Amino acid sequence: MAPQRVFSAPGKALIAGGYLVLDRQFDSYAVALSARMHAVVEGSPSPVNSTTSVTVKSPQFAEGEWTYRLSDSGSYKVEEINGRTNPFAAATVSAVLAYVGDEVSHNNIIITVFSDAGYHSQDNSVLKTSNDTNLAFHYHNDKITDVAKTGLGSSAGLVTVLTTALLSFLVPSIDINTDSGLRIVHNLAQTAHCQAQGKVGSGFDVAAAVFGSVVYRRFDPSLINSLKAVTECTREEYHKQIKDLVESDWDIKSDRVALPRGVKLLMGDVKGGSNTPKLVAKVLAWRQSDPESGSVYNELDASNTKLVECLSKMNVMASEDPEKYDQVLKFVSENTSAEVLKSSYPQLIVFKELINAVETIRKNFRIITERSGAEIEPPQQTELLDECQRIPGVIAGVVPGAGGYDAISLIVTEDAEKIINDETSSKEQFEKVTWMDLREEAFGVREEHIKDYASFL
């Protein structure tokens, strides 16, 4: 029996690049967050003449177990033996088995998945903690499909960590500490995620789960759209096309980036609700029909680029002149963004540029909201963000991702977090906002220490 191994992958927030991320000519900025998906993999050889079975367990949720075997059709399509549905697990198992092919010996594989608290509502749950580590997971009385999600990319995190765990078990030579190993995981996870969704998305959520915080430019959708369906090929044909696809150059941009020292992203979960596909459909229809949409997109792109440039400059300042940087950061922590903009302090110029860049992003999102009918930054979110900007230490704020009513994101100084909680706790407009205990993650998918999970296995 192979030794147990465990991997984890982070959640995400798209801070710059909403809607532009769908277009290969534009860059976006995705922050990886400390809410992580975890997968423990173990297995043993199957009897001769049997087929590989993969059981995915999710003990935090009711009826959280799915067992997959290859169908009798002679393809790489997998079937769940108890008739249970989990499209993301099924697509991942199918894609990994197809990529590996028949040269790997058959196994009975068990993958136990855990998710950190940030991914789901914690209503009707019990917290279980490790005896000797900082790990803690909420166990729910409901099925996973009945527990509300917070929008941190649970499906992308699940697919990424399942891909890594299953692939690492079947092909131990895969090394996720190398660029080549991460590229294999990325391409395979993107393929599985798109197949599970039934459409080709931008992929920024999977990219953040694999690489960590990145400036990202998407892959060409034709890479996956050109795949023949698993049922239209022989096993050998499907294996070859998946292997060729996964090992090809996808020509993506995934430059790693990090928030400057002393600055963090504060996520506010807003108990609202938005239908992302409908928002995207409205925006794409507007873009095709409005001749002025190009100028809005170009201004958004310039502001997104400026935001990332500002973060880079702040990192340089923090490295080259830490004493001066700390003085500047202290001023920003003690003043509102409006007061920062009014100040004549020369070292504040990069903070001023960042504030103005985010304000331009928000202005253009409100323009798109008005012209397309897609509520990207609706009035309720505008009110929340504007109110936050009046709190010292809040540098800027946006509605992340595709926008809507699900969340708000603030770029703040670390010293401001408690002030923000205190300032907003008694205000009526914030009664549906929960500030999430998250931080930026420097790494994407990674291997963890199996002994840390002993209390949960």
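Hey, can you tell me all the residues within segment 315-339 that are in contact with a Leu (Cβ under 8 Å, 6 or more places away or on another chain) and aliphatic (A, V, I, L, M)? Within segment 315-339, V328, V332 qualify. Scanning segment 369-422 for residues that are part of a helix (DSSP H, G or I), in contact with a strand residue (DSSP E or B) (Cβ under 8 Å, 6 or more places away or on another chain) and surrounded by fewer than 18 Cβ atoms within 10 Å (Cβ to Cβ) yields a total of 3.
The listed residues are A357, A318, and the only one of them that is open to solvent by less than 60 Å² (accessible area, probe 1.4 Å), out of contact with any Cys (no Cβ under 6 Å at 6 or more places or on another chain), farther than 30 Å from L279 by Cβ and among the hydrophobic types (A, V, I, L, M, F, W, C) turns out to be A318. Each residue in segment 175-207 was checked for being in contact with a Pro (Cβ under 7 Å, 6 or more places away or on another chain) and farther than 12 Å from S155 by Cα, and 1 of them qualify.
For segment 120-152, taking the residues that are free of Cβ contacts under 8 Å to residues at least 40 places away in the same chain and under 20 Å from the mean Cα position of the chain (by Cα), the one that is most open to solvent (accessible area, probe 1.4 Å) is identified as K149.
Looking at segment 187-194, can you tell me whether even one residue there is open to solvent by less than 10 Å² (accessible area, probe 1.4 Å), in contact with a helix residue (DSSP H, G or I) (Cβ under 9 Å, 6 or more places away or on another chain) and at pLDDT below 95? No, the conditions are met nowhere in segment 187-194. Looking only at segment 215-238, residues that are open to solvent by 20 Å² or more (accessible area, probe 1.4 Å) and either in a helix (DSSP H, G or I) or touching a Pro at 6+ places or on another chain (Cβ under 6 Å) (or both) come to 9 in all.
Within segment 195-214, the set of residues being open to solvent by less than 30 Å² (accessible area, probe 1.4 Å) and part of a loop (DSSP other than H, G, I, E, B) comprises G201, S202, G203, G212, S213. Please enumerate the residues belonging to segment 50-75 that are of a type in the set (S, T, N, Q) and over 16 Å from R235 (Cα atoms). If the condition is that a residue be of a type in the set (S, T, N, Q) and over 16 Å from R235 (Cα atoms), then S50, S53, T55, S58, Q60, T67 are the ones that fit. Of all residues in segment 156-181, those being open to solvent by 20 Å² or more (accessible area, probe 1.4 Å) and farther than 21 Å from V104 by Cα number 4. Screening C194 against (1) under 11 Å from Y99 (Cα atoms); (2) out of contact with any Phe, Trp or Tyr (no Cβ under 8 Å at 6 or more places or on another chain) leaves a single unmet condition, (1).
The values are calculated or read from the model by the stated rules, or taken from the named source; none is laboratory data. Here the structure is a predicted model, which is why all the values come from computation and not from measurement. All Cβ positions, even for glycine, are placed from backbone atoms using ideal geometry, and neighbour counts span all protein chains on display. Ligands, DNA and RNA are stripped out before the accessible areas are found, and what is left, the full protein with its side chains, is counted by its heavy atoms. Shrake-Rupley method; radii C 1.70, N 1.55, O 1.52, S 1.80 Å.
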